[in-house]
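Colleague: Dumping the structure here so I can ask a few things about it.
The values are calculated or read from the model by the stated rules, or taken from the named source; none is laboratory data. Nothing here was measured: the structure is a model prediction, and the numbers come from that model. Cβ placement follows ideal geometry from the backbone for every residue including glycine, while neighbour counts extend to all protein chains displayed.
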Amino acid sequence: MKLAIDIGGTSIRIALIENNKIIKKEVIDTDGDSMQNNLDQIKEIVDNWNQPFDYIGICCPGPLDLKTGTILITYNLPDWNKKCVLQEFKDLFKIDNVKINNDANVAALGQFTIRKDLHSLLYFTFSTGIGSGFIHQGKIFDGFSGSALEIANALPKYNTENPQRSGIEFLASGKNICLQLEKLGVKVENTKEAFELYKSKENKIVNDFFIKIKEELISLIATSIYFFNPEMIVIGGSVAIKNQEFVTDIFNKVLEVTQDIGYKTKFEFSKDLDDSTLLGCCQM
């Protein structure tokens, strides 16, 4: 039996996994101001299940120091910053066999796990933030220092006030679409309203802004194909799932751009993302 823990910005999912099947599952609210409160809740839930397990797999917001299992920075969970989550769970359950990775990597592994006979899978999430993960022959690609596929600042603009916050997430994530439109003089309450304005084609500022987003995402995804040559790309996250026509158009243009490699990269939207990510926790 294995214990899977998916730590998100708003909720934490806890599950017992046996033979790649979820046996028990609970969901609690994430307490960004008190990691200890969440640790106590998780311990109580797992103790009440009263089931033996010999492995814990954890995914949480990145970037992480994978060698120590420490969250380097997470804006939504201030009390979790600089905390060694790996050691916290080792101590909590008196177990040494604990693995941790960032949420996008483990989501990628989960999407790989529920599909059969894939060579490789590149995953993108377009939600409050933008993230990615690459799975090659069943293994997460972490890179040299563990920061591979931390793409929030991919496609940075050097000649700006803050180049470290000028990349794709700061233009095209759910949170930043609204902020960027406000800078352009267009006030929207949420991403849903922004996309509705775009679909109406009534506001030139909004139209031009979304054309820019498309161009940047086409560049990002096409370039990733040139670097990784994945068998399949899977796209998830609330912004993508709620605007599938927009994303499909982007990917069709990506396929036009990348014809020169002689392989038409497969494309799918994510499936059963919550449960598959829990399964991914147990495949690390």
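Per-residue answers, yes or no, for (1) in a strand (DSSP E or B); (2) within 16 Å of the chain's Cα centre (by Cα); (3) at negative phi:
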{"position": "145", "(1), (2), (3)": "no, no, yes"}
{"position": "158", "(1), (2), (3)": "no, no, yes"}
{"position": "180", "(1), (2), (3)": "no, no, yes"}
{"position": "185", "(1), (2), (3)": "no, no, no"}
{"position": "197", "(1), (2), (3)": "no, no, yes"}
{"position": "218", "(1), (2), (3)": "no, no, yes"}
{"position": "226", "(1), (2), (3)": "no, no, yes"}
{"position": "235", "(1), (2), (3)": "yes, yes, yes"}
{"position": "248", "(1), (2), (3)": "no, no, yes"}
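Colleague: Oh, and also: If you go through the range 75-95 one residue at a time, how many are within 19 Å of residue 175 (Cβ to Cβ) and either without any contact (Cβ under 8 Å) to a residue 24 or more places away in the chain or outside any loop (DSSP other than H, G, I, E, B) (or both)? Show your work before the answer.
Modeller: Residues of the range 75-95 that are within 19 Å of residue 175 (Cβ to Cβ), as a first pass: 75-78, 80-81.
Pick out the ones that are also either without any contact (Cβ under 8 Å) to a residue 24 or more places away in the chain or outside any loop (DSSP other than H, G, I, E, B) (or both) and you get 75, 78, 80-81.
Qualifying residue count for the region: 4.
Colleague: Moving to a separate point now. For the list (1) assigned by TED's automatic domain parsing to the domain that holds residue 175; (2) in contact (Cβ under 8 Å) with a residue 60 or more places away in the chain; (3) not in a strand (DSSP E or B), I need the number of the one condition that residue 260 fails.
Modeller: So residue 260 meets the others, but not (2).
Colleague: Does residue 202 count as outside any helix (DSSP H, G or I), of a type outside the set (A, V, I, L, M, F, W, C), exposed (fewer than 15 other Cβ atoms within 10 Å of the Cβ) and in the same structural domain as residue 143 (by TED's automatic domain parsing)?
Modeller: Working: outside any helix (DSSP H, G or I): yes; of a type outside the set (A, V, I, L, M, F, W, C): yes; exposed (fewer than 15 other Cβ atoms within 10 Å of the Cβ): yes; in the same structural domain as residue 143 (by TED's automatic domain parsing): yes.
Spelling it out, residue 202 is indeed outside any helix (DSSP H, G or I), of a type outside the set (A, V, I, L, M, F, W, C), exposed (fewer than 15 other Cβ atoms within 10 Å of the Cβ) and in the same structural domain as residue 143 (by TED's automatic domain parsing).
Colleague: Quick check: is even one residue across the range 43-58 at pLDDT below 95 and either assigned to a loop (DSSP other than H, G, I, E, B) or at positive phi (or both)?
Modeller: Keep residues of the range 43-58 that are at pLDDT below 95, which gives none.
For the range 43-58, residues at pLDDT below 95 and either assigned to a loop (DSSP other than H, G, I, E, B) or at positive phi (or both): absent.
Colleague: Kindly indicate the residue of the range 96-116 that is of a type outside the set (S, T, N, Q) and assigned to a strand (DSSP E or B) and also farthest from the chain's Cα centre (by Cα) among those meeting that condition. Step through it out loud before you land on a result.
Modeller: Our first condition is that a residue be of a type outside the set (S, T, N, Q); within the range 96-116, this holds for 96, 98-100, 103-104, 106-110, 112, 114-116.
Okay, now just the ones that are also assigned to a strand (DSSP E or B), so 98-100.
Values: 98: 21, 99: 17, 100: 14 Å.
Checking each candidate, the answer is 98.
Colleague: Are there any pairs, at least 6 apart or on different chains, whose C-beta atoms fall under 9 Å, with the first in the range 25-41 and assigned by TED's automatic domain parsing to the domain that holds residue 7 and the second modelled with pLDDT under 95 and part of a helix (DSSP H, G or I), and if so, which?
Modeller: Correct list of pairs: 32/78; 33/78.
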